[in-house]
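To keep things clear, I will list the structure first and then write my remarks on it.
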Amino acid sequence: MSQTPLLEVSKVNKRFGPVHVLHDVDLKMYPGTVTALIGDNGAGKSTLVKSIAGIHPIDSGTITFDGEAVTIDNPKDASALGIEVVYQDLALCENLDIVQNLFLGRELTERGLLDEKTMEQRTRETLASLSVRTIKSVRQRVSSLSGGQRQTVAIAKAVLWDSKVVILDEPTAALGVAQTEQVNKLVRRLAEKGIAVGLISHNMNDVIAVSDRVAVMYLGRMAADIEVTETTSNEQLVELITSGRSGDVGIQEEVNQ
Amino acid sequence: MNENATPNDAGFALTDFALDGAKVDFKTAISDRVSELRAGDLGSLPAILAIAVLVTIFGLVNPSSFLTLLNFANFLEQASGVIVIAMAVSFTLLLGEIDLAAGFTAGVSAAVLATRLQEWPLVPSVLLAATVAVILGTFTGYMVAKVGIPSFVVTLANVLLFQGILLLLVRDGGSVRISDPLVKGLVGGTLSPILSWLVSLVGLALYAYVMIRKQRNSHGAIPRSVAAIKVGAAAVALIVVTTMLNTNRAFGRAPEPIQGLPTVVPIIAIILFLLNVLLTRTKYGRHLYAVGGNPEAARRAGINVASLRLSAFAICGLLAGIGGAFLASRVNSVDPNTGANDTLLLAVGAAVIGGTSLFGGQGRMLNAVLGGFVLALIPNGLTLIGKQVLPLWGEIDFGSSGIKFICAGAALLIASSVDALSRSQGQVR
């Protein structure tokens, strides 16, 4: 694991009107590392991710990207830095095929007309670089793909544009056992490509199997940011999620909501 | 890469893009198409079947008047207006929207053309008519995309609004004659036999070029045999049709022969070609399908959904205006009924019967042509059948508006049922 974080969020605060959603939250994401972001519903995971993605700009705090302080005020800022978020609803057009979806909004053209050949080629290269082997043809319509394959396409969309940080919002929530396994492998491959991967998940087994680090949020605070080791257990993570602490890890003082 | 070598990564046996590399032979291509049909992706097959069935029925019942060259050319001219308005409506259908007032946009634009032609020369009149059509479309698009009113409601209001404008332009009960020879010849005119051959050969060459290019770029996904059969079929069809239409189709006592392709045929072919390029080969077309399929995904991909919607309605307006010129040219006049009555439902119906989805994101321009043929065949054939005495029923006038409306309405209902059913089947998968 490299020592300097690619993306570092520190002392971030976010309020929606009277509701203080994020309290001095810190998060570090390293290149080539999968960082799981866990926490109960309403703990602030989604808000934190949306702040990083520029959908909800932060009220105070700093975001450092590749050693430089940056401001992310809108989604365009985030994608310009190379930060992509794959949301749970995937945002794919089912009536279009894989190539058309991957290049949507950024189509390659040649003399004003679409350059299908190059786009097809680059789609194959991208999927091959992720070792995706379950897709029969890049000209398949997304409506004919399984849930896992759709997740793959959505992730490939982030990879195609050389993203440096890819955050996945519950990528396996709707998947069966075999497909979950397939997506988990894909998450590891993203990290092997040197991408800083964020993973929001409610499945502790997945988190332990796939992640290098786990950041636990509890009532809008970052309760713990720990490395996953052999001793990291399901129970420990659940305890952190539900009470904000586990043994000497986590928030020690009482939290008043 | 070792883990990828395991044969059962996640329960799938096929390797990377197995189908992309593989050469598809003729048999596989056919069986792929059959399985697509089974999966509910019917495309324009129902329309082609309907054309075959209708031609067979009308031909059997009434061979002496239905299966004549004169009626064939007449039928093409009858279908032209509805086909172009159906193309117009298709632009809104692709977005999952609808334009119920497209017929009246056509009517207003035709009325502007006809009234201006009485005082102005041809070019400024045509430009003004086209501008008015685009303005009406843009107005609808603004109401839908920027103000946020459902297109159904906006265009329902427009039906009255535009009909009012049409009535003011041509005055109640009146009609405006068109005497400009070029506008009159748009639909009624014919090309000389030599020019007809030239036009159809150029068209064939263009089609062959596009097919060969498509086949070469497909990495073997389209077998050569399929491309060759398509080009061959087009060649036979074009040669047969051109030969037929180049034969004199006038009645025996007519002073002059009527022969050659109706002018409207190559015009529609050109419009069809240009719109096809726009829809399938440009960013704009791709974005149109994307917004029709999933507006949220399109928005997140950085597509300006609102201005895309607005522009689609503007294009719809322009095409409807062209359709209006066709309607007017066929009867050499414009009256308050131009584009009114059943024109609009026929146009929406033509697109849907051809296989364009009412739910957005699916359809081709060719669908409008095929569906337009179906909906023009029904009144054409029924009129020629005329009054018949049926056993147990008595006399019945198949040429009456009542029977025609019922048949066209039933065809539209059947087509939308096919659309809805194949859509739900597609989702179950």
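The values are calculated or read from the model by the stated rules, or taken from the named source; none is laboratory data. Fair warning: this is a prediction, and the values are worked out from it, not measured in the lab. Heads up, the Cβs are rebuilt from the backbone with ideal geometry, glycines too, and the neighbour counts pull from every protein chain shown. Ligands, DNA and RNA are stripped out before the accessible areas are found, and what is left, the full protein with its side chains, is counted by its heavy atoms. Shrake-Rupley method; radii C 1.70, N 1.55, O 1.52, S 1.80 Å.
Annotations for the structure displayed:
- The residues packed around B:Ser192, meaning those with a beta-carbon under 15 Å from its beta-carbon, carry a net charge of 0 if Lys and Arg are +1 and Asp and Glu are -1.
- Table column - 3J(HN,Hα) (Hz), segment B:400-408, Karplus curve with 6.51, -1.76, 1.60, x for Gly and Pro: 6, 4, x, 5, 4, 4, 4, 5, 5
- With the biggest extent put first, the Cα atoms of segment A:115-246 measure 54, 28, 27 Å across the principal axes.
- Solvent-accessible area per residue, Å², over the protein assembly as shown with all protein chains present [probe radius 1.4 Å]: 46 Å²
- Projecting the Cα positions of B:Val210, B:Ile222, B:Leu261 onto the charge dipole of segment B:190-261 (unit charges on Cβ atoms of Lys, Arg, Asp and Glu, taken about the Cα centre) puts B:Ile222 furthest along the positive direction.
- Values of log10 I(q)/I(0), in the order q = 0.07, 0.11 Å⁻¹, for the protein assembly as shown under a Debye, Cα-only, solvent-free model: -0.60, -1.12
- Each residue was assigned an accessible area with a 1.4 Å probe, and for B:Arg330 the value is about 100 Å².
- Theoretical FRET efficiency, 1/(1+(r/R0)^6), r = Cβ-Cβ of B:Ile239 and A:Ala69, R0 56 Å, to 0.05: 0.20
- A P(r) calculated from all alpha carbon pairs of chain B, with 20 Å bins opening at zero, reads 23, 55, 19, 2, 0 percent.
- Within-12-Å neighbourhood charge of B:Leu76 [Cβ basis; K, R +1; D, E -1]: +1
- Bridge orientation summary for the protein assembly as shown: considering DSSP beta bridges with both residues in this region, about 65 percent are antiparallel.
- Given charges at beta-carbon only (K, R positive; D, E negative), |dipole| of segment B:190-261 in Debye: 320 debye
- Nonpolar atom fraction for segment B:190-261, defined as the carbon and sulfur part of the 1.4 Å probe accessible area, stands at 71 percent.
- Sites listed here are chymotrypsin sites (Phe, Trp or Tyr not before Pro) in segment B:205-266 whose DSSP assignment is loop and whose Cβ has at most 15 other Cβ atoms within 10 Å: B:Phe251.
- Pairs spanning more than 18 Å between alpha-carbon atoms, out of A:Lys50/B:Lys146; B:Lys27/B:Lys230; A:Lys117/A:Lys193; A:Lys11/A:Lys164; A:Lys136/A:Lys164; A:Lys28/A:Lys164: A:Lys50/B:Lys146; A:Lys117/A:Lys193; A:Lys11/A:Lys164; A:Lys136/A:Lys164.
- Phi-derived couplings, Karplus 6.51 cos²θ - 1.76 cosθ + 1.60 at θ = phi - 60°, listed residue by residue for segment A:93-100: 8, 5, 7, 9, 8, 5, 4, 4 Hz, with x used for Gly and Pro.
- Sequence-ordered 3J(HN,Hα) estimates for segment B:246-259 from the Karplus curve with 6.51, -1.76 and 1.60 and θ = phi - 60° stand at 7, 7, 4, 10, 6, 5, x, 8, 5, x, 10, x, 10, 8 Hz, glycine and proline given as x.
- The Kirkwood hydrodynamic radius of chain A, based on inverse pair distances between different Cα atoms, is 19.0 Å.
- Charge dipole (chain A, unit charges on Cβ, about Cα centre) - positive-most of A:Leu37, A:Tyr87, A:His202: A:Tyr87
- With coordinates expressed along the principal axes, the C-alpha atoms belonging to segment B:190-261 extend over 57, 16, 11 Å, beginning with the largest.
- For chain A, a Gaussian network of Cα nodes joined below 10 Å ranks A:Glu239, A:Glu84, A:Glu170 by mean-square fluctuation, and the top entry is A:Glu239.
- Bridge type composition, segment A:57-166 - antiparallel percent by DSSP, nearest 5: 75 percent
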